[in-house]
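Q: Provided herewith is a single structure, encoded as structure tokens, for subsequent inquiry.
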Amino acid sequence: MAALSTAFLSGALAERDADAFLHAGHTAEPALRYCAGPLPDGEAAFVYADGQATLCVSPALDAAERSTVRTEDSAAAVRVNDAPVGEQAVAVLDECGVAGPVLTPRNVPHDAALYAENAGYDVASTDAVARARETKDAAERERTAAAQAAAVAGVERARELLRTATVADGRLWRDGSDEPVTTRTLREAIDAAVRSNGACPGVESRVVLGPEADDPGDRIEPGETVVVRVAPREPGGYYGALARTFVVEGEGGWERRAQLAVERALDSALRELEAGVPASTIREEVMVECGAYGFADDALPETAGHGVGLAPRERPDLRSDDPLPAGTVLAISPAVTDPDGGEVALTDLVAVTEDGYESLATTERSLRP
């Protein structure tokens, strides 16, 4: 976790004429994790008031080695108490003499907000943390690149398994054995490769066959489109995002045209990418290029991409006209679908720079494994 600058919190408080910021909940929740840094599973609260950050945890969280939470501006005090973390947070507000509004993220747990409201504080929501998370510093990009390297390992393992599979009697068999290739065996191989590269398989990782997601045990057949999406999480909590489409012994039908469309769409989006470009421009490039290959709007993705960080999907939304700041990490995800043929998709992960982009790890795009 990168050192947290509290400047964005000071700015949010000044902008809203508020006196404090409060967040509470499970330590895995991205906004709280961003504020507090990595912690064991449990409940915690983070308070910023009077220029001081305070982390409230229970003894069960075992914060013995967390005497302080490091920020760029100061060291945040850590309080360990048996009381509910929301109650502890209110005690911090009281001690700081907070009189004005208290800002919280929109997703703060209801009971935490109630503790503050019942204590007489005026609670108002803010998206300050979500906005701050949109721009990743060098340390965060390094963590994301580590997650993406694990994603590459997962995709390459899937490619190898499909490449070495044997076609016999019109069916696909694993490496010349009598074991059929299924979505389950492919996913297990991907997950093993991700783990061996120091990451955890993400909840959004999946293998999709044909025109829709199939049962995990379904067989993969020759000529069938196989979309492999891998979104692993590295130990610091940052995600990767990579997708490739494979066809074993394909006949070069609609899927070849679809592959050309998504490749051109990805390249076109990357050419437009640089700091200050409206997010919607990237989506428009994807839609225009895919449309140029004859695919109607209902065959195209809704967003064509999204931000990636401490959540597998976060700001920015590519439907927004907001300019992309340098440091934004984007998954650009062109895809087309066919009612009978299935789906062809690509996803690459890049960081926006002042004059272009930096690829965070990628692999070849070929349909053929």
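The values are calculated or read from the model by the stated rules, or taken from the named source; none is laboratory data. Predicted model, so just to flag it, every value in this text is computed and none were measured. So basically every Cβ, Gly included, is an ideal-geometry build from the backbone, and we count neighbours across all protein chains shown. Areas reflect the complete protein model, heavy atoms only, side chains present, ligands, DNA and RNA absent. Shrake-Rupley method; radii C 1.70, N 1.55, O 1.52, S 1.80 Å.
Q: Calculate one ³J(HN,Hα) per residue across the range 312-326 by plugging θ = phi - 60° into the Karplus curve 6.51 cos²θ - 1.76 cosθ + 1.60, and present them in order as whole Hz with x for glycine and proline.
A: x, 9, 8, 4, x, 8, 6, 8, 7, 8, 5, x, 7, x, 4
Q: So if each residue of separation counts as 0.36 nm, and I subtract the Cα-Cα distance between Asp111 and Val277, what length gain in nm does that give?
A: Residue separation times 0.36 nm, minus the Cα-Cα distance, leaves 55.8 nm.
Q: Of Gly291, Gly237, Ala77, which is farthest on the positive side of the dipole of the chain, counting Cα position, with +1 on Lys and Arg Cβ, -1 on Asp and Glu Cβ, and the Cα centre as origin?
A: Gly237
Q: Let me ask something else. Multiplying the sequence separation of Leu260 and Ala14 by 0.36 nm and subtracting their Cα-Cα distance, what value in nm do you get?
A: Length gained, Leu260 through Ala14: 83.6 nm.
Q: In addition: Please list, in chain and number order, the residues 5+ apart from Val277 or on another chain whose amide H is under 5 Å from its amide H, with Hs placed from the backbone.
A: Those lying under 5 Å, H to H, from Val277 are Leu324.
Q: Related question: Note down the magnitude of the dipole of the chain about its Cα centre, charges +1 on Lys and Arg C-beta and -1 on Asp and Glu C-beta and zero elsewhere, to the nearest 20 debye.
A: The dipole magnitude comes to about 760 debye.
Q: Report relative contact order for the chain in percent, whole number only (criteria: Cα-Cα under 8 Å, sequence separation at least 6). Walk me through the numbers on the way to the answer.
A: Values: 855 pairs, mean separation 52.9, N = 369.
Across the chain, relative contact order equals 14 percent.
Q: Summing Lys, Arg as +1 and Asp, Glu as -1, what charge do residues with Cβ under 9 Å from the Cβ of Val352 carry, Val352 excluded?
A: -3
Q: Still on this structure, I have one more. Please state, rounded to one decimal and in Å, the Kirkwood hydrodynamic radius that the range 246-369 gives when every pair of distinct Cα atoms enters the mean of 1/r. Let's see the in-between values first.
A: Values: mean 1/r = 0.0681 Å⁻¹.
Computed over the range 246-369, the radius equals 14.7 Å.
Q: Still on this structure: Quick one: if you stick a label point 7 Å off each Cα along the C-beta vector at Glu179 and Thr303, how many nm between them?
A: With each label placed 7 Å out from Cα toward Cβ, I get 3.6 nm.
Q: Over the chain, with the other protein chains present, what is the accessible area per residue in square angstrom, probe 1.4 angstrom?
A: On a per-residue basis, 43 Å².
Q: Apply the Karplus curve 6.51 cos²θ - 1.76 cosθ + 1.60, θ = phi - 60°, to the phi angles in the range 177-189 and return the couplings in whole Hz, x for Gly and Pro.
A: 8, 9, 9, x, 7, 10, 4, 5, 5, 5, 5, 4, 5
Q: Using a simple spin-label model with points 7 Å from Cα along the Cα→Cβ vector, what separation in nm is obtained for Glu249 and Ser366?
A: Roughly 1.8 nm, to one decimal.
Q: Binning at 20 Å from 0, report for the chain what percent of all alpha-carbon pair distances ends up in each bin.
A: 28, 48, 23, 2
Q: Charges on Cβ only, +1 for Lys and Arg, -1 for Asp and Glu, centred on the Cα centroid of the chain; of Ala20, Gly356, Ser10, which one is farthest towards the dipole's positive end?
A: Positive-end residue among those listed: Gly356.
Q: For the chain, find the longest principal axis of its Cα atoms and tell me its angle to the long axis of helix 85-95, 0 to 90°, nearest 10.
A: So the helix axis and the longest Cα principal axis differ by about 40 degrees.
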